[in-house]
């Protein structure tokens with residue numbers, strides 16, 4: 001079944017339990033493209049697993065993965081992307097904040113040739129409803145300035161709800177290891193490679209149950225690193241890979 005998927009959804013989940021069931025309902029009710037859905041958890045004890053296993057009895061396109069790259073959403077997303085089988089991968093959250101009806105449109109933009117297709121809260125027609133005020137201000141400011149000054153192709157570089165060319169992601173790699181900064185990392189890398197980035201408006205709704213795992217103070221330095229990276233001359237995928245190796249080894 002998954003071998004014929006046109007789009008793979010990667011959903012990092014942490015102790016969502018039964019709260020993930022209505023999110024999965026909306027995904028399978030909304031997406032029309034052939035798909036696979038990968039829910040990625042950090043440990044085999046996560047209560048989300050039992051819910052996903054029960055759900056998969058009636059929905060064979062769904063499976064769970066236990067991330068072995070290290071804890072945190074970035075590692076879960078990276079682990080999930082490494083496991084996908086389709087040419088397009090969409091990252092969406094387990095808390096229901098993202099609009100599943102837009103997954104098809106995002107995936108089709110990648111099929112048409114963009115490296116990154118962003119669901120944008122900050123373009124005309126988009127909106128953010130709820131959420132911490134400081135987080136929203138920082139995100140909006142970063143998105144606007146990157147759009148105007150770095151010309152990254154989207155007004156919402158920090159949003160995690162994006163579709164990617166799987167080939168693009170595997171060529172440039174993912175260096176983020178902790179937070180949700182993968183969205184801005186891959187947008188910045190697409191810009192430095194001068195690859196096309198597109199966006200569509202989205203309405204983001206703050207989660208209605210549970211507690212967000214977003215930590216502004218803890219993850220801000222990495223966001224700033226990728227913000228700065230978006231500005232600069234054209235690079236190749238080999239250049240980016242070499243930079244990542246130098247960073248890992250601590251060489252200049």
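Every read-out reported here was derived from the displayed coordinates using simple, explicitly stated rules and does not represent laboratory data. On a predicted model such as this, the values are computed, not experimentally measured, just so you know. Glycine gets a Cβ as well: all are built from the backbone with ideal geometry, and neighbour counts include every protein chain shown.
Annotations for the structure displayed:
- Extension gain for residue 111-residue 58 works out to 16.2 nm (0.36 nm per residue, less the C-alpha to C-alpha distance).
- Ordered by the count of other Cβ atoms within 10 Å of each Cβ, fewest first, 93, 123 give 123, 93.
- Compared with the dominant Cα axis of the chain, that is its longest principal axis, helix 133-145 is turned about 50°.
- Shown here: segment 38-87, whose C-alpha atoms stretch 30, 29, 12 Å along the first, second and third principal axes, sorted largest to smallest.
- Label-to-label distance, nm, for residues given as residue 32 and residue 245 (7 Å Cα→Cβ offset): 4.6 nm
- DSSP bridge analysis restricted to the chain gives an antiparallel fraction near 25%, rounded to the nearest 5.
- Residues 26, 228, 78 arranged by fewest to most Cβ contacts within 10 Å: 228, 26, 78
- In Å, descending, principal axis extents of the Cα set of segment 2-249: 50, 37, 35
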